[in-house]
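The values are calculated or read from the model by the stated rules, or taken from the named source; none is laboratory data. Computed from a predicted structure; not experimentally measured. FYI the Cβ positions are ideal-geometry reconstructions off the backbone, even for glycines, and counts take in every protein chain you see. Remember, those area values only see protein heavy atoms, side chains included, never the ligands or the DNA or RNA. Shrake-Rupley method; radii C 1.70, N 1.55, O 1.52, S 1.80 Å.
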Amino acid sequence: LKSSPTSNRLKRESTFTLLVTVIYRGLNAVDDGTAAVRKDRRLKRTFRFGVRKPFHIKYRTSIVGERTLVEAQLQNLCSTPVVVRDISFSPSPGYKLLPLHPG
């Protein structure tokens, strides 16, 4: 048995079709009924699925002294709960990333 896992990052909202092909070896009876022959067989199935944004992000900035604070609000757009494990900011060139509450 050989499998070929694959992955693909879906970057736009749309309806996609996943094509799955399974190749397996089956037994075919010979006409005289005395022996069986292994023959490769192929099974193809397609699965359609929709992709949409899981959440909406709204940004707001505030300037406090010499610092710029960035607030990000996440709104869940799915019908089921979404668990966010980690959120991080990456500073643009010329900016420094500082913790809000230095520990």
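General observations
- Model label points for residue 80 and residue 27, set 7 angstrom from Cα along the Cα-to-Cβ axis, are 4.0 nm apart.
- Here the Karplus relation 6.51 cos²θ - 1.76 cosθ + 1.60, evaluated at θ = phi - 60°, turns the backbone of the range 66-72 into coupling constants of 9, 10, 10, 9, 10, 10, 10 Hz, with x for every Gly and Pro.
- Added length on full extension, which subtracts the Cα-Cα distance from 0.36 nm per residue, residue 42 to residue 69: 4.0 nm
- Förster-model FRET efficiency, 41 Å R0, residue 96 and residue 19, C-beta, rounded to 0.05: 0.30
- When a 1.4 Å probe is rolled over the protein heavy atoms, the share of accessible surface on the range 42-92 that falls to carbon and sulfur comes to 51 percent.
- Probe 1.4 Å, protein heavy atoms only - accessible area per residue of the range 33-103 in square angstrom: 99
- FRET efficiency, 1/(1 + (r/R0)^6) with R0 30 Å, evaluated for residue 87 and residue 49 via beta carbons: 0.70
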